[in-house]
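Structure first, then comments.
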Amino acid sequence: MKKQTYEFKLFKLPYAFNALEPHIDALTMELHHDRHLKAYTDKLNAALKPFPEYHNWTLERLLCNINTLPVKLRNDVRNNGGGVYNHIYYFTGLAPVGTDNAGLPFGGALGEKIDLNFGGWDKFKERFKTSALEVFGSGYLWLVADRRGHLKMLQTANQDSPITRGFCPIITIDLWEHAYYLKHYNDRASYIDDWFAVLNSDFAETNYDCCIG
Ligand code: MN3
């Protein structure tokens, strides 16, 4: 992920709004990016504006050091900074239908680790789906690596970010209803299936290599 500092620019989606059809619809993508992510970005900038001493801090540095920040800044970094970071991870983790890396089982070192830890791709998918269904309320499910490179499925609430807890993110699914309600209504299970169909496996493999590298 490209490291940014204040003033944060709205992340540019690396594909068209309709590129994930029919799995994730264009209107959902447009609202998710142009309204939800834009609001997080604007609010993060507004919160940081009165604190010039943090204007050269990357988003990663802010999120990894929340507890050292002025009290007035902490919640905004957690919620809006997390909102920016997590959405960039989510959007980049999706690949347009028909591209080489869309919806494929993970390969490389990550693929081997998945086979070893979960007994194969299908079993991993099953476990990931079950865990995503269990996330209560608004949040995310992540595949992360811990400091020793071990894989872990991590549920996070609201816009909390795994890097605040020292984990290295590999891939994530946004489980807030705004990510799927227009097309899937309350059927989170079918959204999770559709997410797997457009999962960007290249992105996940590269992230894992960085985590253990
Ligand atoms: Mn979202």
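The values are calculated or read from the model by the stated rules, or taken from the named source; none is laboratory data. Everything numeric in this text was worked out from a predicted model, so none of it was measured. Glycine gets a Cβ as well: all are built from the backbone with ideal geometry, and neighbour counts include every protein chain shown.
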May I ask you to list the residues in segment 55-110 that are over 19 Å from residue 159 (Cα atoms) and either assigned to a helix (DSSP H, G or I) or among the polar types (S, T, N, Q) (or both)?
56, 99, 101, 108, 109, 110
Out of the residues in segment 23-42 that are without any contact (Cβ under 8 Å) to a residue 40 or more places away in the chain and either away from the ligand (no atom under 14 Å from the Cβ) or in contact with a Cys (Cβ under 6 Å, 6 or more places away or on another chain) (or both), which is nearest to residue 76 (Cα to Cα)?
42
Is at least one residue of segment 114-126 modelled with pLDDT of 95 or more, over 17 Å from the mean Cα position of the chain (by Cα) and within 14 Å of residue 202 (Cβ to Cβ)?
no
Check residue 15 against each of (1) surrounded by fewer than 15 Cβ atoms within 10 Å (Cβ to Cβ); (2) within 21 Å of residue 100 (Cβ to Cβ) and name the one condition it does not meet.
(1)
Is it true that some residue in segment 199-208 is touching a helix residue (DSSP H, G or I) at 6+ places or on another chain (Cβ under 8 Å) and either within 15 Å of the ligand (Cβ to nearest atom) or β-branched (Val, Ile, Thr) (or both)?
no
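Starting from residues that are crowded, with 19+ Cβ neighbours inside 10 Å and touching a residue at least 24 places away in the same chain (Cβ under 8 Å), keep the ones in segment 178-187 and report whichever is farthest from the ligand (Cβ to nearest atom).
Out of the qualifying residues, it is 180.
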May I ask you to verify whether residue 97 is in contact with a helix residue (DSSP H, G or I) (Cβ under 9 Å, 6 or more places away or on another chain) and modelled with pLDDT under 95?
yes
Determine, yes or no, whether residue 94 is touching a residue at least 12 places away in the same chain (Cβ under 8 Å) and either surrounded by fewer than 17 Cβ atoms within 10 Å (Cβ to Cβ) or away from the ligand (no atom under 16 Å from the Cβ) (or both).
no
The condition from (1) in contact with a helix residue (DSSP H, G or I) (Cβ under 7 Å, 6 or more places away or on another chain); (2) more than 18 Å from residue 171 (Cα to Cα) that residue 84 misses is numbered (2)
Scope segment 145-203; condition in contact with a strand residue (DSSP E or B) (Cβ under 9 Å, 6 or more places away or on another chain), over 17 Å from residue 132 (Cα atoms) and of a type in the set (Asp, Glu); matching residues:
146
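Per-residue answers, yes or no, for (1) under 20 Å from residue 178 (Cα atoms); (2) buried (at least 18 other Cβ atoms within 10 Å of the Cβ); (3) touching a strand residue (DSSP E or B) at 6+ places or on another chain (Cβ under 6 Å):
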{"site": "2", "(1), (2), (3)": "no, no, no"}
{"site": "53", "(1), (2), (3)": "no, no, no"}
{"site": "56", "(1), (2), (3)": "no, no, yes"}
{"site": "59", "(1), (2), (3)": "no, yes, no"}
{"site": "63", "(1), (2), (3)": "no, yes, no"}
{"site": "74", "(1), (2), (3)": "no, no, no"}
{"site": "89", "(1), (2), (3)": "yes, yes, yes"}
Subset of segment 147-177, residues surrounded by 15 or more Cβ atoms within 10 Å (Cβ to Cβ) and more than 16 Å from the ligand (Cβ to nearest atom), comes to 151, 153, 154, 163, 164, 167, 168, 170
Would you pick out the residues in segment 62-113 that are at positive phi and of a type in the set (Val, Ile, Thr)?
none
